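Read the structure below first, then the notes.
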Amino acid sequence: MWNEISAINFLKRLFKKIGDDCAYYPDGTLITTDAFLEDVHFSLKYFSFSQIAKKTFYATISDIYAMAGKPQELFIAFLYPPYLKEGDFKKIYYTYKKLAERYSVTIAGGDIIKSEKLGMVLTCLGKSKKVIKRSTAQIGDRVYVTGYLGLSETGRLALINNLDKKRFRFSIKRHLEPEPRVAVIEKIKNKINALIDTSDGLATDTNHLAYESKVKIILFFEKLPIADETYLLCEKLNLAIEDFILKSGEDFELLFTTNEGLPKEIKKIKISEIGEVKKGKGVYLLKEKKLKKILPIGYQHIINK
């Protein structure tokens with residue numbers, strides 16, 4: 001089957017530099033690019049134009065923080081649909097300006113093109129004093145993650161299924177406005193060996209760490225941080241919690257390995273130890289004393305049978 005992972009693996013073989021959240025250079029320069037399209041990454045049914053700007057901005061700079069860098073410049077290519085009003089366009093860019101000022105980022109250029117749907121392609125340049133890659137996990141490391149797994153997808157499904165917003169307030173907020181975990185990375189970056197953000201789901205992103213580092217990772221199901229709202233959603237929609245947590249993406253949490261002890265939270269952001277790094281290859285889930293292999297089964301943009 002040809003899918004997104006197949007396409008990425010092909011590109012990795014074709015272009016040897018591909019393999020991390022950003023392209024990186026000897027002087028610590030980081031470059032990342034992200035594309036966002038209406039009805040794929042956001043829906044006008046429940047996103048405000050300000051929230052579209054927030055989500056696309058946060059998702060893009062998350063890649064910079066996921067390599068222990070700080071974003072510096074942002075370029076925005078804007079896909080302008082015929083139904084977008086002047087006020088809506090200005091609302092998006094006013095929000096980008098406000099966010100850029102908050103994160104000390106310069107919006108340095110971009111493009112505007114005609115499109116059938118609303119979309120944008122964001123390219124961010126950043127800088128890191130010490131680039132942290134996916135390929136540097138060490139045998140004996142423990143695996144950690146910030147926040148809660150599957151929270152963004154919980155919010156998305158609560159919205160599209162018209163569930164009580166008051167009961168899913170926490171998850172809806174994470175889906176609409178996934179702020180990067182800046183306080184955490186700034187506090188513990190010197191302790192981290194390998195790092196990635198959870199944009200594609202726990203199963204896929206942990207497999208990225210294991211593959212790039214040439215190690216085996218064992219995840220402990222009982223230690224995975226799962227919010228009450230996620231349990232509630234899975235109960236209401238009759239979803240298997242294990243499958244949901246492994247597949248759900250766009251959390252933009254930090255997934256990393258370290259051989260040092262860490263606090264259980266930093267600035268009210270939860271930090272959970274969820275696994276360990278062993279000699280070998282692949283990713284495995286330990287649940288009720290049974291070990292099973294976990295394949296990269298997260299969200300796929302491309303699925304051709």
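Determine whether region 42-61 contains at least one residue that is of a type in the set (Val, Ile, Thr), closer than 21 Å to Leu209 by Cα and touching a residue at least 24 places away in the same chain (Cβ under 8 Å). Before the answer, list the steps.
Just the residues of region 42-61 that are of a type in the set (Val, Ile, Thr), to begin with: 52, 56, 60-61.
Keeping just the survivors that are closer than 21 Å to Leu209 by Cα gives 60-61.
Narrowing further to those that are touching a residue at least 24 places away in the same chain (Cβ under 8 Å): 60-61.
There is at least one residue in region 42-61 that is of a type in the set (Val, Ile, Thr), closer than 21 Å to Leu209 by Cα and touching a residue at least 24 places away in the same chain (Cβ under 8 Å).
Considering only residues that are of a type outside the set (Asp, Glu), more than 17 Å from the chain's Cα centre (by Cα), on the phi < 0 side of the Ramachandran plot and not in a strand (DSSP E or B), which ones fall in region 19-38?
Tyr25, Pro26
Given (1) within 20 Å of the chain's Cα centre (by Cα); (2) outside any loop (DSSP other than H, G, I, E, B), identify the lone condition not met by Gly110.
Single failed check for Gly110: (1).
Could you please let me know if Lys54 is among the basic types (Lys, Arg), closer than 30 Å to Lys187 by Cα and at pLDDT below 95?
Details: among the basic types (Lys, Arg): yes; closer than 30 Å to Lys187 by Cα: yes; at pLDDT below 95: no.
For Lys54, the condition - among the basic types (Lys, Arg), closer than 30 Å to Lys187 by Cα and at pLDDT below 95 - is not met.
Scan region 61-100 for residues that are surrounded by fewer than 20 Cβ atoms within 10 Å (Cβ to Cβ) and not in a helix (DSSP H, G or I) and jot them down.
Lys70, Gln72, Glu73, Phe75, Ala77, Phe78, Tyr80, Pro81, Pro82, Tyr83, Leu84, Lys85
Do we find that Val131 is over 20 Å from Pro178 (Cα atoms) and crowded, with 18+ Cβ neighbours inside 10 Å in this structure? Give the derivation first.
Working: over 20 Å from Pro178 (Cα atoms): yes; crowded, with 18+ Cβ neighbours inside 10 Å: yes.
Against the criterion (over 20 Å from Pro178 (Cα atoms) and crowded, with 18+ Cβ neighbours inside 10 Å), Val131 qualifies.
Count, please, the residues in region 170-183 that happen to be in contact with a helix residue (DSSP H, G or I) (Cβ under 9 Å, 6 or more places away or on another chain), part of a helix (DSSP H, G or I) and touching a residue at least 24 places away in the same chain (Cβ under 8 Å). Lay out the reasoning, then the answer.
So the first thing to find is which residues in region 170-183 are in contact with a helix residue (DSSP H, G or I) (Cβ under 9 Å, 6 or more places away or on another chain), and the list is 170-182.
This time we only want the ones that are part of a helix (DSSP H, G or I), so: 170-176, 182.
With touching a residue at least 24 places away in the same chain (Cβ under 8 Å) added as a condition, the list becomes 170-171, 174-176, 182.
The number of residues fulfilling the criteria is 6.
Could you check, for region 39-46, whether at least one of its residues is surrounded by 16 or more Cβ atoms within 10 Å (Cβ to Cβ) and part of a helix (DSSP H, G or I)?
no
Are any residues in region 101-127 surrounded by 20 or more Cβ atoms within 10 Å (Cβ to Cβ) and among the small types (Gly, Ala, Ser), and if so, which ones?
Listed by number, the residues that qualify are Gly119, Gly126.
Of (1) touching a helix residue (DSSP H, G or I) at 6+ places or on another chain (Cβ under 8 Å); (2) over 24 Å from Lys189 (Cβ atoms), Lys85 satisfies all except one. Which?
(1)
Surrounded by fewer than 20 Cβ atoms within 10 Å (Cβ to Cβ), of a type in the set (Lys, Arg) and within 17 Å of the chain's Cα centre (by Cα) - does that describe any residue in region 258-274?
Yes, that holds for at least one residue.
With the structure loaded, tell me whether Lys292 is farther than 25 Å from Ile172 by Cα, outside any loop (DSSP other than H, G, I, E, B) and among the charged types (D, E, K, R) or whether it fails that test.
Details: farther than 25 Å from Ile172 by Cα: yes; outside any loop (DSSP other than H, G, I, E, B): yes; among the charged types (D, E, K, R): yes.
Here the answer is yes, as Lys292 does meet what is asked.
Given the criteria more than 15 Å from the chain's Cα centre (by Cα), more than 26 Å from Phe42 (Cα to Cα) and among the acidic types (Asp, Glu), does Glu235 qualify? First the steps, then the outcome.
Working: more than 15 Å from the chain's Cα centre (by Cα): yes; more than 26 Å from Phe42 (Cα to Cα): no; among the acidic types (Asp, Glu): yes.
Here the answer is no, as Glu235 does not meet what is asked.
What's the total number of residues in region 194-235 that are touching a residue at least 24 places away in the same chain (Cβ under 8 Å), in a helix (DSSP H, G or I) and not hydroxyl-bearing (Ser, Thr, Tyr)? Full working, then the answer.
If we filter region 194-235 for residues that are touching a residue at least 24 places away in the same chain (Cβ under 8 Å), which is where we start, we get 194-227, 229-230, 232-233.
So of that shortlist, the ones also in a helix (DSSP H, G or I) come out as 202-213, 221-223, 229-230, 232-233.
Applying the additional criterion that residues be not hydroxyl-bearing (Ser, Thr, Tyr) yields 202-203, 205, 207-210, 212, 221-223, 229, 232-233.
Final tally of qualifying residues: 14.
Would you be able to say whether some residue in region 172-184 is at pLDDT 95 or above, over 18 Å from the mean Cα position of the chain (by Cα) and under 16 Å from Glu265 (Cβ atoms)? Lay out the reasoning, then the answer.
Filtering region 172-184 for residues at pLDDT 95 or above gives 172-184.
With the extra rule that they be over 18 Å from the mean Cα position of the chain (by Cα), the set shrinks to none.
No, region 172-184 contains no residue that is at pLDDT 95 or above, over 18 Å from the mean Cα position of the chain (by Cα) and under 16 Å from Glu265 (Cβ atoms).
Going by the structure shown, is Glu212 modelled with pLDDT under 95, surrounded by fewer than 19 Cβ atoms within 10 Å (Cβ to Cβ), under 23 Å from Ser135 (Cα atoms) and under 18 Å from the mean Cα position of the chain (by Cα)?
Values: modelled with pLDDT under 95: yes; surrounded by fewer than 19 Cβ atoms within 10 Å (Cβ to Cβ): yes; under 23 Å from Ser135 (Cα atoms): yes; under 18 Å from the mean Cα position of the chain (by Cα): yes.
When the stated conditions are applied, Glu212 passes them.
The values are calculated or read from the model by the stated rules, or taken from the named source; none is laboratory data. Since the model is a prediction, treat every value here as computed from it, not as a measurement. Backbone-built Cβ (ideal geometry, glycine too); neighbour counts: all protein chains shown.
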